[in-house]
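Presented below is the structure to which this report refers.
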Amino acid sequence: MNYLKLFYMKLKELTKAEEQVMQVLWKLEKGFVNDILDHFPVPKPAYNTASTISRILVKKGFVAFKAFGNSHQYYPVISRKEYKHFCLKNIVGNYFDGSFEELVSFFARENNLNVSELDELMSHVQQDLKNKTDDGN
């Protein structure tokens, strides 16, 4: 079994609250609980709630920390891009029978895309694929 497959088997989906904390940490790159809370909209969660969620994220393997006495500075160990990839694979697998074609078809139908919009979408995909090839990825 390859590393990427093991990686995605280990990942778990985040709750809404966990994802909110992760969004802040991805933006900040590292932060104490008060730093995280500073980036929440009003009404902000309680300090203990944010602290508990941060510790849960450590247990799940999404976040690590550096201890400064009794304080912990948290930082993500799973990138936003990695989690986005994991979520998309889950959505495609669970709702579109593993078919990206089904996903794109659903997206086009639900958003009433016309032919020129689909052509533009294809142009973006082709450019992204070209850039990926040019970067050697």
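A few points about this structure:
- Charged-residue dipole, Cβ positions (Lys, Arg, Asp, Glu), the chain about Cα centre, Debye nearest 20: 920
- Positive-end extreme of charge dipole, the range 24-137 - chosen from 107, 50, 69 (charges on Cβ): 69
- Surrounding net charge for residue 28, when Lys and Arg each add one and Asp and Glu each subtract one, Cβ distance under 10 Å: -1
- Computed [θ] at 222 nm, helices only, for the chain once each DSSP H run of length n ≥ 4 contributes -39500 (n - 2.57): -20500 deg cm²/dmol
- Pairs over the 30 Å Cα-Cα cut-off, from the set 12/44; 30/130; 84/130; 59/130; 66/130: 30/130; 59/130; 66/130.
- Simple Cβ-charge dipole of the range 3-76, Lys/Arg +1 and Asp/Glu -1, about Cα centre, in debye nearest 20: 300
- Cα gyration tensor shape of the range 98-137, rounded if a/c is under 1.5, else prolate or oblate by comparing a/b with b/c: oblate
- Neighbours of residue 60, meaning other residues whose beta-carbon lies under 9 angstrom from its beta-carbon, give a summed charge of +1 when Lys and Arg score +1 and Asp and Glu score -1.
- Relative contact order (%) - the chain, alpha-carbon pairs under 8 angstrom, separation at least six: 19
The numbers here are math on the coordinates, done by the rules we state, and not lab data. Keep in mind it's a predicted model, so treat the numbers as computed, not measured. Reconstructed Cβ throughout: ideal geometry from the backbone, glycine too, with neighbour counts over all protein chains shown.
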